[in-house]
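One structure, as structure tokens, below. Some questions next.
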Amino acid sequence: MRPLLALSTAIDNLNEKIGYICNFLVLAAVIVSAANAMIRYAFDYSSNSWLELQWYMFAILVMFGASYTFKRNEHVRVEIFYLYLSERGQLWLDMIGTLFFLIPACLLLAYLSWPFFMQAYHVGEMSGNAGGLVRWPIKFVIPAGFVLLALQGVSEVIKRIAALRGDLTLDAKYERPTQ
């Protein structure tokens, strides 16, 4: 179990670093968005590349932030039964859902989006807008984001197995958000 927990820790550390970068990307996206608006209204000037950069940053935040959010146990859940289960039942439900739904879905989506990226890369796809950005790098974010989420799923399964065996104390308690 120790090598698997080491793998889990490595995956957690990777997604923690990516999440840290995404936190700064939020600030960068806000700055670019505000600057675009101010320049457009103050100087009557607009740039497609800066607008597309905003979209690219948002896409990176969503795709790479998903694995970070999952790692921190802050993802959206269907809590119809979850809150009524014991802690052990919740661990089992998390593990089964991740193993049979999340990981296969992420791997399938990564597999299906890879040709989408490769085609854009081989033709050197550019934005159709004047002054737009290169498109293939942002298309790479799609399969990469799904692979990172699948990897975090593997890490979570490892941790749940260890917790069910008693090898690890896991603080994976879910609290319903206040509304």
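Just so you know, all these numbers are worked out from the coordinates, no wet-lab data involved. Treat the numbers as computed from the prediction; the structure is a model and nothing was measured. Here the Cβ is made from the backbone with ideal geometry for all residues, glycine too, and neighbour counts use every protein chain on show.
Table: residues versus (1) free of Cβ contacts under 8 Å to residues at least 60 places away in the same chain; (2) touching a Ser or Thr at 6+ places or on another chain (Cβ under 6 Å); (3) buried (at least 16 other Cβ atoms within 10 Å of the Cβ); (4) of a type in the set (A, V, I, L, M, F, W, C).
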{"residue": "ARG2", "(1), (2), (3), (4)": "yes, no, no, no"}
{"residue": "SER8", "(1), (2), (3), (4)": "no, yes, yes, no"}
{"residue": "ILE11", "(1), (2), (3), (4)": "no, yes, yes, yes"}
{"residue": "GLY19", "(1), (2), (3), (4)": "yes, no, yes, no"}
{"residue": "LEU25", "(1), (2), (3), (4)": "yes, no, yes, yes"}
{"residue": "PHE43", "(1), (2), (3), (4)": "yes, no, no, yes"}
{"residue": "SER49", "(1), (2), (3), (4)": "no, no, no, no"}
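For the range 126-163, name all the residues that are in contact (Cβ under 8 Å) with a residue 24 or more places away in the chain and part of a loop (DSSP other than H, G, I, E, B).
SER127, ASN129, ALA130, GLY131, GLY132, LEU133
Looking only at the range 31-84, how many residues end up being small (Gly, Ala, Ser), touching a helix residue (DSSP H, G or I) at 6+ places or on another chain (Cβ under 7 Å) and in a loop (DSSP other than H, G, I, E, B)?
Number satisfying all stated conditions: 1.
Taking only the range 5-42 into account, find how many residues are under 22 Å from the mean Cα position of the chain (by Cα) and over 24 Å from MET63 (Cα atoms).
2
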